[in-house]
Amino acid sequence: MRNVSWMETWGRSLLLFAWLLCVAAPLAAREPMPTDEQLQAAVQEAYDKFKDVKDGANANYIPELDKVPSDLWGVAIVTAKGQVFSAGDVDYAFSIQSVSKPFTAALVMQQQGAAAVAEKIGVEPTGQKFNSIIATQLIPQVSVNPLVNSGAIASVSMVKADSAQQRFDTILDWFNRLSAAKLTVIEDVYQSEAATNQRNRAHAYILAASERIYSDPMEATDIYTRQCSIGVTAKQLAIMGATLANGGVNPVTKERVLDAQYVPRVLSIMLTAGFYNESGIWSYTAGLPAKTGVGGGIVAVVPGRMAIVGFSPRLNDAGNSIRSMKAIEYLSDKFGLSIFGSGR
């Protein structure tokens with residue numbers, strides 16, 4: 001029998017705790033649902049409150065992302081009923097980047113079940129950066145979890161397909177169904193990333209050496225790079241998040257995209273690993289399952305109620321959008337949205 005490390009035991013306990021919270025949250029006593037007027041006013045407040053924040057910088061290690069206008073700023077809410085409230089640059093298509101990761105993990109669950117993700121990838125939070133090589137060596141699963149780069153590449157490799165093109169097309173179609181839109185790859189971003197993704201190629205080869213990748217390593221890396229280069233607006237991303245908030249049913253199209261049984265599993269890994277080495281402080285302040293991306297987007301999910309999205313290219317050292325974090329924290333506090341309870 002394999003010995004279980006303290007880190008693995010702690011990670012499993014944290015994941016179980018988060019899973020229970022995500023299941024129980026919609027049933028727990030909570031603040032009343034804000035009115036339409038309150039939601040629109042609050043979105044505008046959040047936009048205005050943080051529009052002059054200039055902290056942070058674009059992700060310059062991907063040259064094309066460094067060219068995105070740094071002052072772009074938008075906030076959007078989509079409710080579980082499909083209502084849209086927004087302010088600012090919510091129709092600008094930015095690259096989805098790592099915000100794509102939980103949605104591809106959801107696709108793998110839909111195709112193969114939740115156990116496949118836990119067994120073939122892992123679900124342990126690392127407490128380290130999104131592209132940490134060290135984490136793959138310290139945690140026995142190697143791929144670690146679907147929201148860090150190693151696990152995200154493994155997720156892509158698990159998507160059922162007969163060819164590389166079919167695998168990417170399957171992912172893109174899945175994102176289209178989640179977003180109620182027809183999304184496309186931002187080719188300039190893809191080319192820029194493909195020319196600078198040596199570290200992700202290293203992750204893929206590490207996975208292959210440990211038999212934790214399930215297609216050709218370089219094929220999986222390239223598809224992952226394309227996936228991260230898909231363009232999405234803040235409104236479209238909020239619909240993707242609202243599909244999770246609505247138990248897997250897209251609130252705009254009314255299509256069941258993801259089986260309800262998988263939603264708590266996706267939300268649990270978002271809570272424990274969605275902010276990488278800032279996941280603890282994010283849970284402490286905002287208290288919401290969420291996922292960040294170096295393109296400047298953050299999607300946060302309030303189970304049973306809504307999704308909140310912020311978009312601003314300026315990032316902190318952990319790769320998280322500063323204005324987006326502040327806006328979502330503000331809205332969570334204002335309406336008592338934390339899954340841990342409002343404390344009021």
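The values are calculated or read from the model by the stated rules, or taken from the named source; none is laboratory data. Model, not experiment: these values are computed from the prediction. No Cβ is skipped: glycine too gets one built from the backbone with ideal geometry, and neighbour counts run over all protein chains shown. In case anyone asks, the SASA skips ligands and DNA or RNA and just uses the protein heavy atoms, side chains included. Shrake-Rupley method; radii C 1.70, N 1.55, O 1.52, S 1.80 Å.
Looking for whichever is modelled with pLDDT of 95 or more, among the acidic types (D, E) and open to solvent by less than 60 Å² (accessible area, probe 1.4 Å) here; the options are E119, E64. Which one fits? Being modelled with pLDDT of 95 or more, among the acidic types (D, E) and open to solvent by less than 60 Å² (accessible area, probe 1.4 Å) holds for just one of E119, E64, which is E64.
Considering Y224, Y205, Y262, Y214, the condition of being among the hydroxyl-bearing types (S, T, Y), within 17 Å of the chain's Cα centre (by Cα) and farther than 20 Å from A307 by Cα is satisfied by Y224 alone. Scanning segment 36-51 finds no residues that are of a type outside the set (D, E, K, R) and part of a strand (DSSP E or B). Residues that are in a helix (DSSP H, G or I) and modelled with pLDDT of 95 or more do not occur anywhere in segment 10-33. Across segment 316-331, the number of residues qualifying as under 25 Å from T126 (Cβ atoms) and out of contact with any Ser or Thr (no Cβ under 6 Å at 6 or more places or on another chain) comes to 8. Might you check whether a residue that is within 30 Å of A41 (Cα to Cα) and either surrounded by fewer than 22 Cβ atoms within 10 Å (Cβ to Cβ) or among the hydroxyl-bearing types (S, T, Y) (or both) occurs anywhere in segment 107-116? No - not one qualifying residue is present in segment 107-116.
Taken across segment 128-140, residues that are touching an Asp or Glu at 6+ places or on another chain (Cβ under 7 Å), open to solvent by 20 Å² or more (accessible area, probe 1.4 Å) and charged (D, E, K, R) do not occur at all. From the list G280, G247, G231, the one residue that fits, being closer than 15 Å to Q97 by Cβ, of a type outside the set (K, R) and surrounded by fewer than 24 Cβ atoms within 10 Å (Cβ to Cβ), is G231. Of all residues in segment 71-90, exactly one satisfies the criterion of being open to solvent by 10 Å² or more (accessible area, probe 1.4 Å) and under 19 Å from the mean Cα position of the chain (by Cα), namely A80.
Condition check for N200 on (1) open to solvent by less than 30 Å² (accessible area, probe 1.4 Å); (2) modelled with pLDDT of 95 or more: one failure, at (2).
The rows are residues; the columns are (1) modelled with pLDDT under 95; (2) out of contact with any helix residue (DSSP H, G or I) (no Cβ under 9 Å at 6 or more places or on another chain).
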{"residue": "S143", "(1), (2)": "yes, no"}
{"residue": "A154", "(1), (2)": "no, no"}
{"residue": "V159", "(1), (2)": "no, no"}
{"residue": "R167", "(1), (2)": "no, no"}
{"residue": "N176", "(1), (2)": "no, yes"}
{"residue": "V185", "(1), (2)": "no, no"}
{"residue": "Y190", "(1), (2)": "no, no"}
{"residue": "T196", "(1), (2)": "yes, no"}
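Where helices (runs of 4 or more DSSP H) fall wholly inside segment 243-344, the ranges with 3 or more residues that are more than 25 Å from W174 (Cβ to Cβ) are 279-285, 322-335. Given the criteria surrounded by fewer than 21 Cβ atoms within 10 Å (Cβ to Cβ), touching a helix residue (DSSP H, G or I) at 6+ places or on another chain (Cβ under 9 Å) and modelled with pLDDT of 95 or more, does A93 qualify? Yes, satisfied.
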